[in-house]
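Rule-based calculations on the coordinates, nothing more; no lab input. Please read all numbers here as calculations on a predicted model, not as lab measurements. With ideal geometry, Cβ positions are generated from the backbone for all residues, glycine too; neighbour counts draw on all protein chains shown.
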Amino acid sequence: MVVEEVATEEGPQVRIIATGLSETQGLRHGYIVDLQDATESILLAKRQAEGIIHTPIRSAFLAVGGVSLDETRASGQAIISRADQEITELDVEKVREEARRAAEPQFLNRRVLHEIPLEFRVDGVKSLGAPLGMKGTRLEGEFLFVTCLAQHADQLTAAVEAADIEVVDRMASPLAGSYVTLTKDQKMKGCVLANIGAETVSIVVYDEGLPISVKVFQTGSTNITDDLALGFKISLEDAERIKLGRLSGTMYPKKKVEEIIAQRFRTMFELIEKHLRSLNRHGSLPAGIILSGGGAGQGSVSDIAKGSLNLPSRIADMRISSDTKIRDATWAVAYGLALWGLTGDTDTPKKNVLGDVGRTLQNFIKQFMP
């Protein structure tokens, strides 16, 4: 849990004023399996943060990143409505609505978290930038719809509300993490951000400044613990200590430990590679793969990613204020989510906390306009 505010003494600037941390309980691969345990985890983090700011936390923005997170692409088109053939926001909205109708069959039992415009074409020609003000007879657009199972989203919301916190809005966690780990140049050149969590690996792929894909894979750093337990025939507790470097000795040869860890990471990156191939982006993202999350600090993960994906690889840096005490990329999703919720603008903070939510959503969509 991260609490932020806008400081205005020297111009608008986001400042982290409190954090709360607790062990995740009651979740499996990002969705609720025990509501009470999940709520207790949230309450513990909430109390820690409230103890720092001495103010009750009543509302928040929620990151959704479970295995049900998925995407759907759809296109729409519209005839330009004005007599002078100038494209207006009304035309863009008509295209979006048609794209959503085309994607509707894929939304059964699912909740749409984000609608992101990927490309517009005017009379068949790609618009290099927003099409507003251009002239033509027909406008076409392709949209990315990021979704999750409605049941999972509702259960996560219920757990937060049971901790006496109102959920203002929800956001896909890979997008939230990208706000504080990726630069504009990386997004423009093309890159993939991979967050290696305990039970999932979530990715967002950027190209030409736009998030063109969001995906979650059902594997994570706990699988490394399982592999070590099976490889050495030991308890999960001892396997976890080996993974963290807290247990060693002649019974656990360093070379074998590294081989087991490396093999699991290669399996993770094979899933990412397969997905990049489906997007025709394999080996063609100049900014490479950026690694974040708790598993990103494990062993030689960056070198393994480089070899597996044939891409430049690096551990994510946190693009946050210099006075922030915790700069571990494990916090990237929470920091990015708080930034989005606070400002609705990930580059130039302009709003007070929990201001006009409608404007927040509008700004979120506008930042992805090509």
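Structure shown: which of Lys187/Lys254; Lys135/Lys215; Lys243/Lys306; Lys233/Lys274; Lys126/Lys306 lie over 28 Å apart, alpha-carbon to alpha-carbon?
Listed pairs above 28 Å: Lys187/Lys254; Lys135/Lys215; Lys233/Lys274; Lys126/Lys306.
Taking the Cα atoms only, what angle lies between the long axis of helix 357-366 and the longest principal axis of the chain, rounded to 10 degrees?
Approximately 80 degrees, to the nearest ten.
Distance between the C-alpha centers of the range 100-176 and the range 222-238? Whole Å please.
Going from one Cα centre to the other spans 40 Å.
Using only Cα atoms, tell me the angle between helix 221-232 and the longest principal axis of the chain; keep it within 0 to 90° and round to the nearest 10.
Between helix and principal axis, roughly 30 degrees.
Quick one: net charge around Gln25, please, counting Lys, Arg +1 and Asp, Glu -1 for every other residue with C-beta under 9 Å from its C-beta.
-4
What is the dipole size for the range 183-315, taken about its Cα centre, with +1 at each Lys and Arg Cβ and -1 at each Asp and Glu Cβ, in debye to the nearest 20?
The calculated dipole for the range 183-315 is roughly 240 debye.
Pairing the Cα long axis of helix 332-343 with the longest principal axis of the chain, what angle in degrees results, from 0 to 90 and rounded to the nearest 10?
30
What's the exposure ranking of Tyr206, Tyr31, Tyr252, going from fewest to most Cβ atoms within 10 Å?
By the 10 Å Cβ count, ascending, the order reads Tyr252, Tyr31, Tyr206.
Using a Gaussian network model of the chain whose springs link C-alpha atoms within less than 10 Å, name the residue from Ile42, Ile242, Ile234 with the highest mean-square fluctuation.
Ile234
For Asn310 and Glu93, what does the FRET efficiency come to when R0 = 41 Å and r is the distance between their Cβ atoms, rounded to the nearest 0.05?
Efficiency computed from Cβ-Cβ geometry: 0.50.
Of [x] 28, 25, 21; [y] 38, 28, 15; [z] 36, 26, 19, which one was derived for semi-axes √(5λ) of the Cα gyration tensor in Å from the structure shown?
Looking at semi-axes √(5λ) of the Cα gyration tensor in Å for this model, the match is [z].
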